[in-house]
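Below is one structure, written out as structure tokens; the observations come after it.
Just so it is clear, none of the values below were taken in a lab; they were calculated from the coordinates. Since we're looking at a predicted model, the values are computed, not measured. Neighbour counts are summed over all protein chains in view; Cβ atoms, including those assigned to glycine, are modelled from backbone coordinates with ideal geometry.
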Amino acid sequence: MGINGKSYIVGIYEHPCRAALDKTLPQLHAEIAKGALADAGLSKDDVDAYFCAGDAPGLGPINMIEYMGLNNVRHMDSTETGGSSYIVHVNHAAQAIAAGHCNVALITLAGRPVADAKEGKPVRYYNQQAPDFPFEMPYGPNVTNMYAMCAMRHMYEYGTTSEQLAWIKVAASHHAQYNEHARLRDVVTVEDVVNSPMIADPLHRLDCCVITDGGGGIVMVSPEVAKSLKRTRVKVLGAGEAPKHLAAGQVDLTYSGARWSGPKAFAEAGVTPADIKYASVYDSFTITVLETLEDLGFCKKGEGGKFVSDGNLISGVGKLPFNTDGGGLCNNHPGNRGGMTKVLEAVRQVRGEAHPKVQVRNCDIALAHGTGGLLGSRMGSATVILGNEAA
Amino acid sequence: MNTDQKNKINLVVNSESKPYWEGAAKGQLLIRACNACGKAHYYPRTICPHCFSEDTAFVEASGNGVIYSYSVTRQAKPPYVIAYVKLDEGVSMLTNIVDCEIDKIRIGQKVRVKFSEAGDGYALPVFTSA
């Protein structure tokens with residue numbers, strides 16, 4: 001049983017804050033839930049399924065359902081795949097709705113890494129019981145150098161350049177200038193990117209995403225509920241999820257799990273990359289986008305550098321408008337988890353509610369992709385394809 | 001993963017990893033191999049991740065390999081080099097490249113294991129130019 005056409009996204013909300021010093025983590029989740037339900041025209045008592053990931057405090061759904069007073073929940077899911085979790089949740093919510101387990105699913109993400117750092121709290125936590133921990137942590141892996149090694153290898157195998165990677169940031173910045181909430185709104189050039197300080201060779205500061213507080217939420221419903229609502233509905237056409245890891249020592253850093261999650265999503269949706277009018281692609285770093293675009297089939301493996309160059313990802317200019325909210329590179333990467341905002345901007349595009357300067361014309365089919373964990377070791381990849389009512 | 005600086009080495013020695021660290025303390029780089037399917041794997045596990053057999057054992061690697069990929073963490077003081085080294089036995093491991101001019105490090109470069117002090121009598125396998 002597939003999910004194509006069996007559920008709709010009817011409500012979304014992106015928290016406008018980028019530094020949440022005056023808000024607690026549960027409070028952010030609740031504000032987001034309220035915003036997403038209001039967008040859908042539903043109330044909290046309509047919610048019969050709740051989804052959250054590792055960002056939610058305590059035992060996740062248990063604590064958050066109580067805190068928010070979601071009194072009619074009969075289905076819960078706290079699948080954790082890092083920043084891609086919320087795209088996995090869209091898939092799982094679609095499956096649960098299709099199976100009749102629920103009719104109104106709420107997904108929330110919130111984080112406050114900026115506020116936590118200012119308050120002297122540990123920003124990230126990695127469990128010492130993780131089996132890889134003893135053999136990796138002594139060498140100083142961090143988020144940036146683990147993505148950097150992917151870029152270094154991609155450059156070695158395919159001749160990809162820093163200038164090509166820079167075009168990804170340039171495109172994001174062109175979009176972010178129109179987003180009043182974006183953390184970084186200045187348009188940058190390829191020169192700006194390659195002349196910014198080297199953080200971990202070959203990634204420069206402007207190859208890296210922003211760190212922000214806030215979050216986002218999604219409301220998904222059955223076709224029957226969708227028809228009763230006034231909101232423009234966005235159909236879930238297909239989804240895929242896949243783990244990718246170091247394969248017992250057979251390390252290959254030139255591709256991501258999108259190699260497997262993408263084809264599953266396309267097959268279920270019954271479309272091909274050529275049908276995609278807009279793509280939200282997880283952009284923790286520029287290299288994340290480049291490898292993902294290749295793996296999803298928008299270009300051949302190794303030709304990502306050429307594909308992203310010369311503004312090809314800029315809305316109104318290139319063939320594949322991407323991350324028209326400014327993405328994680330410029331707009332928002334709440335809680336160091338960018339999967340949620342990828343879905344939100346794809347929904348805006350299909351609704352025709354993106355900023356007029358970046359709205360893609362006739363955006364009937366859009367894709368959102370997430371990469372959770374580390375591109376340089378182990379990750380959870382997730383792809384979802386969305387469409388309008390006619391799609 | 002929680003800092004831009006290289007962590008102070010704090011080895012996690014547990015029942016599964018202890019022989020690995022004891023080997024390193026004696027100057028041996030150990031990988032794990034499966035007697036059932038004949039394949040090696042890294043990082044070492046009790047049950048073979050290739051065939052799920054429990055008939056696995058530590059074996060000493062040659063200590064020779066080539067750099068598969070690397071990065072220099074520039075903002076750390078001092079900067080350090082993280083790398084995946086593909087061992088001659090066919091498995092790759094995360095490690096550091098040390099005692100080299102960091103701007104001359106290249107993918108494909110031949111490297112050889114050495115062992116750096118890790119406290120409590122233990123040692124950490126790292127690599128340097130062969």
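With R₀ fixed at 60 Å, the C-beta to C-beta distance from residue B:104 to residue A:224 puts the FRET efficiency at about 0.35. With Cα atoms defining each centre, region B:30-77 and region A:206-233 are spaced 42 Å apart in the structure. Both radii are taken from the alpha-carbon atoms of region B:18-129; with Rh as the Kirkwood radius, Rg/Rh is 1.01. The label point for residue A:267 and the one for residue A:303, both projected 7 Å from the Cα toward the Cβ, are 2.4 nm apart. Legend: mean number of C-beta atoms from other chains within 10 angstrom of residue C-beta atoms, peptide B:80-86, equals 5.
Ranked by Cβ crowding within 10 angstrom, fewest neighbours first, how are A:73, B:126 ordered?
A:73, B:126
So, R0 is 56 Å and r is the distance between the beta-carbons of residue A:27 and residue B:37; what FRET efficiency does that work out to, to 0.05? Computed FRET efficiency for residue A:27 and residue B:37 comes out at 0.60.
Per residue of A:368-378, count partner chain C-beta atoms within 10 Å of its C-beta, then hand back the mean as an integer.
Mean shielding count: 1.
For a bin width of 20 Å, list the pair-distance distribution of chain A built from all Cα-Cα distances, rounded to whole %. For chain A, the pair-distance distribution reads 31, 61, 8. Considering only A:86, A:158, A:139, the Gaussian network model of chain A with Cα springs below 10 Å gives its largest mean-square fluctuation to A:139. Here's how it looks for residue A:204: its modeled amide H is under 5 Å from those of A:199, which are all 5 or more places away or on a different chain. Here the protein assembly as shown is assigned +1 on the Cβ of each Lys and Arg and -1 on the Cβ of each Asp and Glu. Its dipole about the Cα centre then comes out at about 360 debye.
Oblate is the label for region A:117-172, because a/c, from the alpha-carbon gyration tensor with a ≥ b ≥ c as root eigenvalues, is 1.5 or above and a/b does not exceed b/c. Label zone (residue A:185, point 7 Å along Cα-to-C-beta; backbone nitrogen cut-off 13 Å) within region A:319-356: A:331. Counting beta carbons within 10 Å around each of A:293, A:165 and listing the fewest first gives the order A:293, A:165. Compared with the dominant principal axis of the Cα atoms in chain A, helix A:85-98 is inclined by about 40°. Rounded to the nearest 20, the Cβ-based charge dipole of region B:18-129 about its Cα centre (Lys and Arg +1, Asp and Glu -1) stands at 320 debye.
By the count of neighbouring beta-carbon atoms within 10 Å, fewest first, A:375, A:106, B:11 end up ordered B:11, A:375, A:106. For region B:18-129, the residue among B:83, B:29, B:40 whose Cα projects farthest onto the positive side of the dipole built from Cβ charges is B:83. Residues with beta-carbon under 15 Å from that of residue A:388, excluding residue A:388: net charge, scoring Lys, Arg +1 and Asp, Glu -1? Surrounding charge for residue A:388 is +4. Relative to the Cα centre, the charge distribution of region A:295-364, modelled as +1 at Lys and Arg Cβ and -1 at Asp and Glu Cβ, gives a dipole magnitude of about 60 debye.
Between the listed residues A:377, A:273, A:41, the Cα displaced farthest toward the positive end of the dipole of chain A, a dipole computed from Cβ unit charges relative to the Cα centre, is found at A:41. The phi-based Karplus calculation (6.51 cos²θ - 1.76 cosθ + 1.60; θ = phi - 60°) puts the 3J(HN,Hα) values of region A:193-201 at 5, 6, 9, 6, x, 6, 9, 9, 3 Hz, whole numbers, x for Gly and Pro. Note on region A:3-45 and region A:294-335: Cα centroid distance 26 Å, given to the nearest whole angstrom. Among the GluC sites (Glu not before Pro) found in region B:29-130, those both in a DSSP coil and sparsely packed, with 11 or fewer other Cβ atoms within 10 Å of their Cβ, are B:54, B:101.
So if I average 1/r over every pair of distinct C-alpha atoms in region A:34-124 and take the inverse, what Kirkwood radius in Å does that give? Walk me through the intermediate numbers first.
Numbers: mean 1/r = 0.0718 Å⁻¹.
Mean inverse Cα-Cα distance, inverted, gives 13.9 Å.
Annotation: amide H-H contacts under 5 Å for residue A:19 (H modelled 1.01 Å from N, sequence separation of 5 or more, or interchain): A:213. Rounded to the nearest 10 degrees, the inclination of helix A:258-269 to the longest alpha-carbon principal axis of chain A is 40 degrees.
The mean sequence separation of alpha-carbon pairs under 8 Å and at least six residues apart, normalised by the residue count of region B:18-129, gives a relative contact order of 24 percent.
Against the longest principal axis of chain A, how steep is helix A:25-40, in degrees 0 to 90 to the nearest 10, with axes from Cα atoms? Tilt of helix A:25-40: around 70 degrees. Which is the longest part of chain A that has none of the trypsin sites (Lys or Arg not before Pro) sitting in a DSSP loop with at most 12 other Cβ atoms within 10 Å? Value returned for the longest uninterrupted segment is A:125-229. The phi-based Karplus calculation (6.51 cos²θ - 1.76 cosθ + 1.60; θ = phi - 60°) puts the 3J(HN,Hα) values of region A:351-368 at 6, x, 10, 6, 4, x, 6, 10, 4, 7, 5, 6, 7, 7, 9, 10, 10, 10 Hz, whole numbers, x for Gly and Pro. Using a cutoff of 8 angstrom between alpha carbon atoms and counting only pairs six or more residues apart, the relative contact order for chain A works out to 26 percent.
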